[in-house]
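A short reminder: the numbers here are calculations on the coordinates, not readings from a lab. Note that this is a predicted model, so its numbers are computed, not measured. Quick reminder, even Gly has a Cβ in these numbers, built from the backbone with ideal geometry, and neighbours come from all protein chains shown.
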Amino acid sequence: MKKLFSLILALMMALTLTASFAEGAAEADWDKETYAAHADIRYEIGTDYTGKTVILHSNDVHGQLDGYAYIAGLRDYFKSLGAEVILTDSGDFSQGTVYVSSTKGMAAVEMMNAAKYDVVALGNHEFDFGYPQLMENLSKAEFTTLCCNVTLDETGEQILPGATILTTESGLKIGFVGVETPETVTKVNPGLISMITFSTFDKLYEDTQKAVDSIREEADLVVGLLHLGVDVESKANGYRSTDLLEKVKGIDFVLDGHSHTVMTGGQNGEPIQSTGTKFANIGVVVIDNETKGIESNFLIPTFLGSKLYKFAHVDETTDVAATAQKIIAETDEAYNAVFAKSEVLLNGERAPGNRTEETNLGDLITDALVWSVVKEGGIEQVEPNAVVGITNGGGIRAPIAIGDVTKKDINTVLPFGNTVAVVYVTGAELLEALEASTYCTPDPIGGFPQTSGITWTLDTTKAYDQGAVYVLEGKESSYYAPASIQRVTITAINGEPFDVNATYAVVTNNFCTAGGDTYNVFNRSDARFDTGIPMDEAVMAYVEDALGGVITAEAYGEPDGRLTIIK
C-alpha cells in the first residue's frame, strides 16, 4: 500500500511539474526574475518509461553535497516509472566548498558512493591535492572512473581506463569515454602532478579516438564524459568539447563539464549537454532500448524549491541525505566560528569579476598576502617599496557577504590549500607575467592577476602578440608566452617609478610560483621560496590583526583603482 501511495504521489508531482513548465505558466515558487532567466529551459517528464534507459548526469558539483540526495531521488523516481537508470558525472567534484576541501576530496567520493554513481570522468580540480591523493581517494570509489588522456611518466600507461561499456538489464550496451582537459597542467600546482603527462593538442584527439575505437564496434551508443567545456579561453588550443567533436568520430552524445555552461545543445547544434555547476540542474538523456537511439535530452532545474521539486527529494533519514548531513555538521562545527565582520559585499564573481577585472576581494587578498610576509621579515633582496602582491583570479571562488565572517567563509573563497610564496623577478619578467595572464581579456581567464602595490594599465584594444608555447618541466602547457609586451604598462610600484631592470619581490601563492595558470615566468626564477603559510590563514590574520576584525567600506568598499582597463 505504501509503495502504491508513493507512486501515485510521484505521478501527481510529475504532472504538477510538467504543467508548471508549460509556456507562460507561473507557479508560486517562481519569481519573475528567475522565470525570465530560465524561460529557455523546457522539458516534459512523461509517466511511463518502460523500455527506456535514462542517463542522469551532473558536472562541476564543486562540493554541493546536498545535491547528491536530489539526483539519487530522481534516479529512484525514473525507476518507479519503469526506466533503467545510469548515474554519471563529468568531473570537478573534489573541490569548491570546505566540505570537500577539508578532506582533500574524499568526502565527494563518499557522497558519490552513497548516491550510487555508475561512471564518472575526472575534472582538473580532482588533481588539486596531487595525483597520489587522487588515486588514494579513487581506491575507495565504488564507481568506475575514466580518463583516456593522462599517462604515468614512469610506465607510459594510462592512469585509469579510457573507456568502458555498461550493459543494462535489457541488453543495451552504452559505451562511455572519459576525457580530461589538458588545461589541468597549468590549473593545478605543477609540482603535485609532475609524475603524470596530459595529452595536449593533436595527441588529445588521438587518445580520445583510440578510446572511442576500442568500444565503438561493441557499443550501441558511445557517450563522451568530457571535462572540456566551451570557454573562449580554451578555444586557442582546440580544447573545447566542440573542437573535440570536430576531430573525433564515433561519439553519439557528450555530457560536458569545466566551463559551467547550462546547455542542452552546442551553439551549432552539436549533441552536447551540460548542467552548469553545483547541481543547479540535473541532466537527463532518454534512450529507447528498442531503437537504441537517443529519444530526448533535457535539464531539470533544482533551484525551484521544495514545491516543484518535492518528487525528487529524498527523506532526510535516507542514506544519501544522512551522509551529506553528517559531513556538513562535522565540518560546520569546526569552521563556523565568527572571527570578523564585513561592512561590504566582497566580489567573488568569475566574470565580470576576479577573472576579468580588479575587485575589492582581490585587493583584500593580495594586501593580506603581502602583509603576511612583510610583517615576518625575510624579504632581504629588495627594499620594502619593491614588494608587490599577485594572485590568480581563478583561485578566488566565492564572495564574502555583509555581516559576520567565519573561517568557513574564507576557506570557501580560498579552498585549494595553497600557501603564500615569494618569487624575485625583474621588471621585465613582471611585465611578462601581467601580459601573459591577461592575453584574452576582456574574456575571462583563471590567471587574471589581482594585485597589490602595482599601478598598471591594460589596453584590450591591442592584440596579444603570441609567442612560443610555455613549457613546464619539459611538458607543453595550455598557454603561450608573449613575443612582446603590447597590452600592459606598469605606471608605478608602491607609488615609485617602475624600473624594467629592477628586481621586485612578488608575494603570491605556491600554485603561481610553480608555473600554474599563465605564470610560467615565475617558475623560471631560481630565487623563490614557500613560506608555508596557508592563504586562508594569511587572510584571516590580516583581517583580525591589521584591520581590527572589521572589513570596512572605507578600506574595501570598492576596487582601489590599481588597474585601468582600456576597452
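Rounded to the nearest 5, what is the percent of antiparallel bridges among the DSSP beta bridges in the chain? Show your work: numbers first, answer last.
On the way: 56 of 89 bridges.
Of all bridge pairs located within the chain, approximately 65 percent are antiparallel.
Would you pull out the residues with amide H under 5 Å of Gly96's amide H, same chain only if 5 or more places away, H placed 1.01 Å from N?
Correct list: Ser101.
Measuring from the lowest to the highest alpha carbon on each principal axis, how far does the range 47-330 reach, largest first, in angstroms?
Principal axes ranked by extent give 49, 48, 33 Å for the Cα atoms.
What residues have an amide H closer than 5 Å to that of Ser296, excluding those fewer than 5 places away on the same chain, when H is modeled at 1.01 Å from N in the peptide plane?
Residues meeting the amide H criterion: Val286.
Lys and Arg at +1, Asp and Glu at -1: add these up for the other residues within a Cβ distance under 12 Å of Leu547 and post the number.
So the environment of Leu547 carries a net charge of -4.
If you take every residue apart from Val98 with its C-beta less than 10 Å away from the C-beta of Val98, what net charge results, scoring Lys and Arg +1 and Asp and Glu -1?
Combined, the nearby Lys, Arg, Asp and Glu give -1.
Rounded if a/c is under 1.5, else prolate if a/b is larger than b/c, else oblate: which is the range 146-282, with a ≥ b ≥ c the root eigenvalues of its Cα gyration tensor? Don't skip to the end; give the middle numbers.
Details: a/c = 1.64, a/b = 1.13, b/c = 1.45.
Taking the square roots of the gyration eigenvalues as a ≥ b ≥ c, the range 146-282 is oblate.
Report, largest value first, the span of the C-alpha coordinates of the range 336-566 along each principal axis, in whole Å.
48, 37, 36
As a test, work out the antiparallel percent of DSSP beta bridges whose residues both lie in the range 47-330, rounded to the nearest 5.
Looking only at bridges with both residues in the range 47-330, the antiparallel portion is about 50 percent.
Between the range 384-432 and the range 108-165, what is the C-alpha centre distance in whole Å?
Using only Cα atoms, the two centres lie 29 Å from each other.
Excluding Gly224 itself, what net charge comes from residues whose Cβ is under 9 Å from its Cβ, given Lys and Arg +1 and Asp and Glu -1?
Working: positive: none; negative: Asp252, Asp256.
So the surrounding residues net to -2.
Hey, can you grab everything whose amide H is under 5 Å from the amide H of Thr438? Only 5+ residues off in sequence or another chain; H modelled, so Pro and N-termini drop out.
Sorted by chain and number, the residues that satisfy this come to none at all.
For the residues Glu429, Glu380, what sequence is obtained by ranking on other C-beta atoms within 10 Å, fewest first? Write down the numbers at each step before the final one.
Numbers: Glu429 19, Glu380 6.
Starting with the residue having the fewest Cβ neighbours, the order is Glu380, Glu429.
Can you put Lys140, Lys247 in order of Cβ neighbours within 10 angstrom, beginning with the fewest?
If I rank by nearby Cβ atoms, fewest first, I get Lys140, Lys247.
Using just the helices of the chain, give the 222 nm mean residue ellipticity in deg cm²/dmol: DSSP H runs with n ≥ 4 each add -39,500 (n - 2.57), and the total is spread over all residues, rounded to 500.
Taken over the chain, the calculation gives -8000 deg cm²/dmol.
Report the Cα-based extents of the range 476-551 along its three principal axes, largest first, to the nearest Å.
The Cα atoms of the range 476-551 stretch 45, 33, 22 Å along the principal axes, largest first.
Express the relative contact order of the chain as a whole percentage, based on alpha carbon pairs under 8 Å and six or more residues apart in sequence.
15 percent
Could you put Asp332, Asp517, Asp220 in order, starting from the residue whose Cβ has the fewest other Cβ atoms within 10 Å?
Neighbour counts put them in this order, fewest first: Asp332, Asp220, Asp517.
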